[in-house]
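Working notes for the structure below.
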Amino acid sequence: MKRKWMKAATAMAAVAALSIGLAYAAEETAEALTQKLWPRQRIEEALRAVEQQKKDGLLSDAGYEKRKKALEERLAGRFKPEALSVQDPPLNFIQNGGFEQINRNSAPNRSRWLWWGGWDWGGNYVNMWEDRPAHVHSGKYSARIECKGEKGRIGISTPPLPVVPGATEYKLTLWTKGEGDNELFVNFEEGVTGTLREKMPAEWKQVTVIGKPQGDKKTYQVYLYVTGGGTIWIDDVALVPIGGKMED
């Protein structure tokens, strides 16, 4: 089972990585940008990854058909993006930032949301989608990360994101709330640095973390860790570069 999970994580990461483009312009629409992010070769690679997940028994029939249909619609040019956000300017690098796309087949202590990676390092935690309106900031779902006993650390993360040439900083915003002895730990890693450690209040609060470029690395990732006890809810995550321009 562990081997199958590793295969699933690898395949999902491969599909997710295909969603990250290396070009944007302020005047582009979501549809035009989607065409850049998903050329035919990438769609065909994603289809092969989904077929492998199905072969390994890691997708339900319904989940397989849903993913396959979306990719085939991309191939035919009919797909309407729901997770891709375009601002004027710039591009929001977070996809599924509202956690509306959920993965019911994922292990409870891993990411339960498509595009996001996940793991735990000790403790007894559960990653789960939240559908109770009082704990959802917008849409139908938020991310709920709950300590069920022993404290430790659990987290979700973005795939590697491209460093934007000339960007002076990266602005991460998210809505969050918590209960119990919780702590949210947000961290930029690799080519960008910036961090926040804070106990979350019982009411929704918008958190902003600024990341600063460091070194000459081409990519970076954002990690959202939960430590301590209690529960933390996260919703409506966005990440935009300030300054700079992506090159083809």
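The values are calculated or read from the model by the stated rules, or taken from the named source; none is laboratory data. This one's a predicted model, so the numbers in the text were calculated from it and none came from an experiment. Ideal geometry is used to build each Cβ from the backbone, glycine not excepted, and the neighbour counts take in all protein chains shown.
Summary of computed values
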{"quantity": "Filter pass, Ser111 being hydroxyl-bearing (Ser, Thr, Tyr), in a loop (DSSP other than H, G, I, E, B) and within 20 Å of Lys177 (Cα to Cα)", "calculated": "yes"}
{"quantity": "Lone qualifier among Ser138, Ser142 - being modelled with pLDDT of 90 or more and touching a helix residue (DSSP H, G or I) at 6+ places or on another chain (Cβ under 7 Å)", "calculated": "Ser142"}
{"quantity": "Residue ID - nearest to Gly139 (Cα to Cα), chosen from residues in the stretch 60-88 that are outside any helix (DSSP H, G or I) and at pLDDT 65 or above", "calculated": "Phe79"}
{"quantity": "The stretch 212-228: number of residues that are surrounded by 15 or more Cβ atoms within 10 Å (Cβ to Cβ) and at pLDDT below 90", "calculated": "1"}
{"quantity": "For Asn92: the one exception among (1) farther than 23 Å from Leu196 by Cα; (2) modelled with pLDDT under 85", "calculated": "(1)"}
{"quantity": "Residue that is surrounded by the fewest Cβ atoms within 10 Å (Cβ to Cβ) [pool: residues in the stretch 181-211 that are among the acidic types (Asp, Glu) and in a loop (DSSP other than H, G, I, E, B)]", "calculated": "Glu203"}
{"quantity": "Gly122 being in a strand (DSSP E or B), farther than 19 Å from Ile94 by Cβ and assigned by TED's automatic domain parsing to the domain that holds Ile232", "calculated": "no"}
{"quantity": "Given (1) closer than 15 Å to Asp236 by Cα; (2) surrounded by 20 or more Cβ atoms within 10 Å (Cβ to Cβ), index of the condition Tyr170 fails", "calculated": "(1)"}
{"quantity": "Complete set of residues in the stretch 212-227 that are over 21 Å from Tyr125 (Cβ atoms) and part of a strand (DSSP E or B)", "calculated": "Lys212, Pro213, Thr219, Tyr220"}
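Residue-by-condition table, conditions (1) in contact with a Ser or Thr (Cβ under 7 Å, 6 or more places away or on another chain); (2) basic (Lys, Arg); (3) in a loop (DSSP other than H, G, I, E, B):
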| position | (1), (2), (3) |
| --- | --- |
| Glu100 | no, no, yes |
| Ala107 | no, no, yes |
| His137 | no, no, yes |
| Arg144 | yes, yes, no |
| Gly149 | no, no, yes |
| Ile156 | yes, no, no |
